[in-house]
Structures are given as C-alpha cells and as structure tokens.
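Reviewing the structure listed below.
The values are calculated or read from the model by the stated rules, or taken from the named source; none is laboratory data. Keep in mind that this is a model prediction, so the values were computed, not measured. A quick note on method: Cβ atoms are made from the backbone with ideal geometry, for glycine too, and the neighbour counts reach across all protein chains shown. The accessibility values were calculated without ligands, DNA or RNA, using every heavy atom of the protein model including side chains. Shrake-Rupley method; radii C 1.70, N 1.55, O 1.52, S 1.80 Å.
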Amino acid sequence: MAKSFMPAIKTEEELRDLQLKGLRWTVNHVYQGSDFYRKSLDEAGVKPDDIRSLDDIKRLPFTAAKDLQEGYPFPLRAVPFKDIVRIHASSGTTGKRKVLCYTQKDIDDWGDFFARCYEMASLTKEDRVQIAVGYGVWTAGVGFQLGCERFGAMAIPAGPGNIDMQCMFLVDFQSTVLCCTASMGLLMAEEVEKRNIRDKINLKKMIFGSERSSDSMRKQIDDLLDIEHLFDIPGMTELYGPGTGLDCVHHTGIHYWADYYILEILDPDTLKPVPEGEIGEMVVTTLKKEAAPLIRYRTRDLTRLIPGQCPCGSILPRHDRLLGRSDDMIIFRAVNIYPGQIDHVLSGIEGIGSEYQIILDRKADGKDYMAVKVERDQGIDSSQDEELSKKIGEEIKKQILVSGNIEIVDYGSLPRSERKTKRVFDNRDD
Ligand code: ZN
C-alpha cells in the first residue's frame, strides 16, 4: 500500500495531547530563540512553563501582520541563520513584503502536509498534476510542486497564464488534475469549450488556491467541464504556504491540519472565541514550525468551524471556505455582518446576477438602515422584481438575522472592477 500522509493519531484525545505538546514546544522554542517573541511573552507576563493545558493558549499574546512588517527582512526568526535553508515572501501589495524563513524540517513538514492534500483529494501516483500557479519567491508553485513530488504523482510545472500552452498540455500530457486560481479555472473551462477539446482531455479534478471561489463560479466551471471534483486549498505564506487543509470528496468543508497548527475562531472586535459554528477571524498558532513560528497570528480571514463529523470519518476538524476579511466586517443593529455572507445568500437565489451593493444609513430616528442593491440576471425582465426582492429579503432575514430594503437594478448597472470591487457603502457617522 502507498505511504499515507494522514495523521497516525486516531482519537480526538490523542490530537489534543499532540497539540498541547506542540504548543508547549513552540512557546519554549520561541522564548529561547526569538528576541521578538521573548519580549512579547515577557510583556504579557507569560513564561513557557505557564502553558499547562490547551486552554492556556488564551494567555498568549497575539501576533499580527504589522509585527512581520516591523521585523522586516527576517521577522519572527527563531533559529540561527545557519539553520535557514530557504525564504519565501508574499507578493506584498501593501507595505513591505512579508518574508518567512524555513528550516529543512519546515520544508519537509510542508511537503508532508501538502502531500496529504493530494491524498485527501483521492489522487494516486498515476495522476498527472498540471500546476498552473505562480512560481517564484512566493509559496504557490513551489508548494504545489513540493507536495506533488512528495506524494509521488507526476508534476507538470506549467506556471500561470499562457492559455494556449495550458490547453496543449491538457491534451498532450493528459493531465488529470489542474491546480490554479478559480478565475483561471473558469477561463480554462471556457477555452476547453470554445476549442471543443473536452473529449480530447482527461481532466478529472481541479484544485483552486489563493482566492475565494464563489458558488456561481464553481457551478459554471462544473457545467462546462463536467469533472469529478473541485477542491479549495487554503494557505498563506505566514503559515508555510498553500496546502494547510483541503475539503475531502464529500465537500462538507475544509479539513484542516490540526496536528500542525491550532485554529482559533475569534470575534475580531473582542478577540474572544465565537460560539462553535459562528463566523469569526482565523487565528493560528503553529505546533512544529521552527524558523518562523506563529503564536496566535491574526490572519484577518473570516470563516467558521463546521461542527460534527464528516462522513469520511476523518478526525481532522473542518472550517468553512474563507468568507472575507475581518476588516470588511459591518456591525449593523448589533449583528456582525460580513459581505461574504450576503454574497453567499445571493448566490443561492435564481434570477439575479453576482453584483450587489450594501448601503448603510443612520436615519433621524437614530436607527440604522440597510439597503441592498442587487442586479437582475441577464435576460430576466423587471416584472419579477417584486417577487425577487421579497425572496432576497426573506433569505437574508433567515440566514443573517437582519432586515434590509432590497432594490433590484438593471443588469450591468453596478460598477465592476478587475481587482476588488467596492460593495459596502457605510454612510453612518460614528
Ligand atoms: Zn471529510
């Protein structure tokens, strides 16, 4: 039988023991090896020996993106330079790039858990994996490749873009798996259709990284390509890179590697845990990372834990897909709302497009009001507006527990942008 990359542990109790061991090791390791963490722990009045249970994680100070920026070029470093074998950096759209150091063991661990992603997606060594993500100083291409070779499938390091070449590779090499961003996946699906090569390719699975894939996008790709599975792979440079979890073939949420890191879901305002199943910010603490460990690192990404057990029987817990950034959170009549939630509600309703706007106002009565503008879908006429807006209002009320005034507008009337479209207009002055 092929080597398995799944954790050897079998029970939740064993997982908790392993987490506590890793947490204690990490706190001790950074206290000895990192000036930054030693100072931060001293300021919080915590010594390594104070960590006696998993609950003691609450005593540890938070780490944030600004700590990485302030520590540039080698932030959070907790080992001597002689032990560092590689660095990676984020693409750095705002401010300085985030640079992270890796020891050989960090690279080996990353390779092992990325191989687990391919195993979770039910690949075999016979699979041919076309890796159409960026190669360079960032973690994407290198990570997908590392995991693929560790797993033992055939890696085709295609890199991003170059649609002609991608299509040729799909046909000539008979790639069975395509790894790319969801937008590129959609582009590829459309090209395969346009070139009429569906019956010449052997594509069975797609793995989407680095951006959120909306439900409507996935449906469109699935309709065009009719493939077995679409997977979402989460990851960030701070936490090794991509490959920190994957949904299994049941697609009930993303199993995450709780034997490599602890995931807390916290209210971004109070920094206290949200009730299980509710949306909050992902805060991660690594258990084995040597060169640049993370202690309660605030990712700013929002998701929720998925309670209960997956039909696949894995003890690895699950989180939902990423639902937005905590900086985008709106507090409306004491309810925390994330634009991703509205997105999610709208994607489940037929007859509307994917564009919307949320407008918040405070009126003379001192109360807050929310208006949601939604585009009618192409080819749908305005006679159904009333029915549509009623349906949207009901779904928002049901799923997010707030009421709003819904307005249906013409298809194409809301502004679009290539990068990040502004969707929330908060006119309330505090
Ligand atoms: Zn599962």
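Just one of (1) outside any loop (DSSP other than H, G, I, E, B); (2) surrounded by fewer than 17 Cβ atoms within 10 Å (Cβ to Cβ) fails for Gln378. It is (1). Taking the criterion of being part of a loop (DSSP other than H, G, I, E, B) and open to solvent by less than 50 Å² (accessible area, probe 1.4 Å), the residues of the range 113-125 that qualify are Ala121, Leu123. Scanning the range 267-280 finds no residues that are over 20 Å from the mean Cα position of the chain (by Cα), within 16 Å of the ligand (Cβ to nearest atom), surrounded by fewer than 20 Cβ atoms within 10 Å (Cβ to Cβ) and over 13 Å from Phe62 (Cα atoms).
Would you confirm, using the coordinates I've provided, whether Ile380 is over 30 Å from His255 (Cα atoms) and either polar (S, T, N, Q) or touching a Pro at 6+ places or on another chain (Cβ under 8 Å) (or both)? So Ile380 fails the test.
Identify the single condition in (1) under 30 Å from Leu15 (Cβ atoms); (2) modelled with pLDDT of 95 or more that Phe81 does not satisfy, given that it satisfies every other one. Evaluating Phe81 over (1) under 30 Å from Leu15 (Cβ atoms); (2) modelled with pLDDT of 95 or more leaves (1) as the failure.
Hey, any hits in the range 315-334 for a residue that's among the β-branched types (Val, Ile, Thr) and in contact with a Ser or Thr (Cβ under 8 Å, 6 or more places away or on another chain)? Checking the range 315-334: at least one residue is among the β-branched types (Val, Ile, Thr) and in contact with a Ser or Thr (Cβ under 8 Å, 6 or more places away or on another chain). For the range 290-300, the condition holds for no residue, the condition being that it is among the small types (Gly, Ala, Ser) and within 16 Å of the ligand (Cβ to nearest atom). Within the range 230-256, the residues that satisfy the criterion of being more than 13 Å from the ligand (Cβ to nearest atom) and within 15 Å of Val284 (Cα to Cα) are Pro234, Gly235, Met236, Thr237, Glu238, Leu239, Tyr240, Gly241, Pro242, Gly243, Thr244. Among the residues of the range 311-353 satisfying the criterion of being among the charged types (D, E, K, R) and either more than 16 Å from the ligand (Cβ to nearest atom) or over 17 Å from the mean Cα position of the chain (by Cα) (or both), which is most open to solvent (accessible area, probe 1.4 Å)? Filtering first and then ranking leaves Glu350. How many of the residues in the range 48-64 are under 25 Å from the mean Cα position of the chain (by Cα), open to solvent by 30 Å² or more (accessible area, probe 1.4 Å) and touching a residue at least 12 places away in the same chain (Cβ under 8 Å)? Within the range 48-64, residues that are under 25 Å from the mean Cα position of the chain (by Cα), open to solvent by 30 Å² or more (accessible area, probe 1.4 Å) and touching a residue at least 12 places away in the same chain (Cβ under 8 Å) number 2.
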